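Encoded as structure tokens, the structure appears first; notes follow it.
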Amino acid sequence: MSNSDLIDLRSDTVTRPSAGMRRAMYEADVGDDVFGDDPTVNRLQAVLAERLGYEAGLFMPSGTQSNLVALMTHCQRGDEYIVGQDAHTYRYEAGGAAVLGSIQPQPLDNAADGTIPLERIAAAIKPDDPHFARTRLLALENTIGGKVLPLDYCAQATALAHARGLGTHLDGARYFNAAVALGGDERRVAAGFDSVSICLSKGLGAPAGTVLLGAKEFIAAARRPRKMLGGAMRQAGILAAAGLYALEHNVARLAEDHANAQRLADGLRAIDALKVEGPYTNMLFVTVPADCAGLGAFLRGRGILTLARSPTLRLVTHLDVDAGGIDRAIAAFGAFFAGWARHG
Ligand SMILES: *Cc1c(COP(=O)(O)O)cnc(C)c1O
């Protein structure tokens, strides 16, 4: 079975560049981006900054690096940032802020809706006292676990941070999923954030690349940690061209991924043995019975790939899975669970 026959629901990072995207990459005008000479990188940075209302942008290979560059630009050695326990920058980036940035994380529990309660944020901001690290930054994530943060919450949280002298960063790896889910006003999701990191390689379908957005001075300063972390590339316009193509062609269509996630959730809810949570934008979470170890292999045999994080499967829709693929996935789950009892 070739890759393109698979229904790969492990993540929205698995998408492969389309023929049109590859053509844009092939034809990209390039230069040395360390000298600031790559016209396609420069265009991508300018286009996205303008689109979301920032002064400048900086292109990097990955979202992990873009977040770390942002943290290292907002914070100095010995500073602290406030972050959710479930946030990617805290949990899934190998502790880079602490290891490479000498930045102390102050993790706080996320509420069920993905927010960090305002009173917990306020209480975690340290006074100016030599006992404490200097609290410098609040970092939020939108979407988080597929959930869209309420915009009035973001407004309140960023206002609180700014009133207490903190900067604000948004991990917007799936920024446009949030924007599309909220009806398409793209700038509103970034409102209140001094910097935002946008992945082009998730649902937008580019093979690699993330853009960090912020004020001119912030982005100028961010060039040093980008260089330090090895993220300053040369003829990176090949990749930036894919990002520009994605921004032009693959944003509005995220609504299809959300509809497919709903279709998948509805189909799986009809299977008694499964407990389905969501969908949240393009993700849903499925709790399977304890004694079905063969499920992953069974699905794989039918061309369906899932990522088990026992006891929950996370299923993610994206531009390489259409409604027909969703129906195939539902049918495969149905075949495995035919005759199973209702979920307890
Ligand atoms: C994927 C992801 C990142 C990191 O992006 P990579 O390009 O995989 O390094 C950061 N934040 C969130 C929320 C993500 O989902």
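How about region 235-269: which trypsin sites (Lys or Arg not before Pro) there lie in a loop by DSSP and see at most 11 other Cβ atoms within 10 Å? Intermediate results must be reported in sequence, preceding the final value.
Working: sites: ARG253, ARG263, ARG269; in loops: ARG253.
In loop regions of region 235-269 (DSSP not H, G, I, E or B), there are no sparsely surrounded trypsin sites (Lys or Arg not before Pro).
Neighbours of GLU80, meaning other residues whose beta-carbon lies under 12 angstrom from its beta-carbon, give a summed charge of +3 when Lys and Arg score +1 and Asp and Glu score -1.
Mean residue ellipticity at 222 nm, helices only, the chain: -11500 deg cm²/dmol; runs of at least 4 DSSP H residues each add -39,500 (n - 2.57), and the sum is divided by the number of residues. Values of log10 I(q)/I(0) for region 246-344 across q = 0.13, 0.14, 0.16 Å⁻¹ run -0.43, -0.50, -0.64, by the Debye formula with one identical scatterer at each alpha carbon and no solvent. Within the listed set PRO130, PRO150, PRO311, the residue fluctuating most in the Gaussian network model of the chain (springs between alpha-carbon atoms under 10 angstrom) is PRO130. The local environment of GLY230, defined by Cβ-Cβ distances under 14 Å, has a net charge of +4 under the rule Lys, Arg +1 and Asp, Glu -1.
Could you compute the FRET efficiency for SER4 and GLN76, with r as their C-beta to C-beta distance and R0 at 41 Å, rounded to 0.05? E(calc), rounded to 0.05, equals 0.30.
How high is the relative contact order of the chain, in percent, with contacts defined as C-alpha pairs under 8 Å that are six or more residues apart?
Numbers: 680 pairs, mean separation 83.6, N = 344.
It rounds to 24 percent for the chain.
Under 5 Å between amide hydrogens, built in the peptide plane, is the criterion, and for GLY167 it picks out LEU137, LEU138 among residues at least 5 positions away or on other chains. Size check on region 179-282: the Cα extents along the three principal axes, sorted descending, read 54, 31, 26 Å.
I want to verify the translational diffusion coefficient of region 73-136 in µm²/s; compute it with Stokes-Einstein, Rh as the Kirkwood radius over Cα pairs, at 37 °C and 0.692 mPa s. Kindly include the intermediate steps, with their values, before the conclusion.
On the way: Rh = 12.3 Å.
The Stokes-Einstein estimate is 268 µm²/s.
Report the semi-axes of the equivalent ellipsoid for the chain in whole Å, largest first, where each axis is √(5λ) for an eigenvalue λ of the Cα gyration tensor.
Details: eigenvalues 241, 138, 55 Å².
Ellipsoid semi-axes (Å, largest first): 35, 26, 17.
Only bridges whose two residues both fall in region 46-176 count here: according to DSSP, what percent of them are antiparallel, nearest 5? Don't skip to the answer; put the middle values down first.
On the way: 1 of 16 bridges.
That works out to approximately 5 percent antiparallel.
Under a Cβ-Cβ cut-off of 10 Å, what is the net charge of the residues other than ASP109 that fall near it, where Lys and Arg count +1 and Asp and Glu count -1? Display every interim value, and only then the final one.
Working: positive: ARG120; negative: ASP86.
That works out to 0.
Of the trypsin sites (Lys or Arg not before Pro) found in region 103-170, those that fall in a DSSP loop while having at most 15 other beta-carbon atoms within 10 Å are ARG164.
For region 43-104, trypsin sites (Lys or Arg not before Pro) meeting the loop criterion (DSSP other than H, G, I, E, B) and having at most 13 other Cβ atoms within 10 Å: ARG77. Stokes-Einstein diffusion for region 1-153 at 10 °C, viscosity 1.306 mPa s, with a Kirkwood radius from C-alpha pairs, works out to 86 µm²/s. Rounded to 0.05, the FRET efficiency of the ARG91 and ARG23 pair, given R0 = 35 Å and the Cβ-Cβ distance, is 0.40. For the chain, set up a Gaussian network in which alpha carbons nearer than 10 Å are linked by springs, and say which option among PHE298, PHE59, PHE218 fluctuates the most. Of the options given, PHE298 has the highest mean-square fluctuation.
Computed from the coordinates by the stated procedures, all read-outs in this text should not be read as laboratory data. Keep in mind that this is a model prediction, so the values were computed, not measured. FYI the Cβ positions are ideal-geometry reconstructions off the backbone, even for glycines, and counts take in every protein chain you see.
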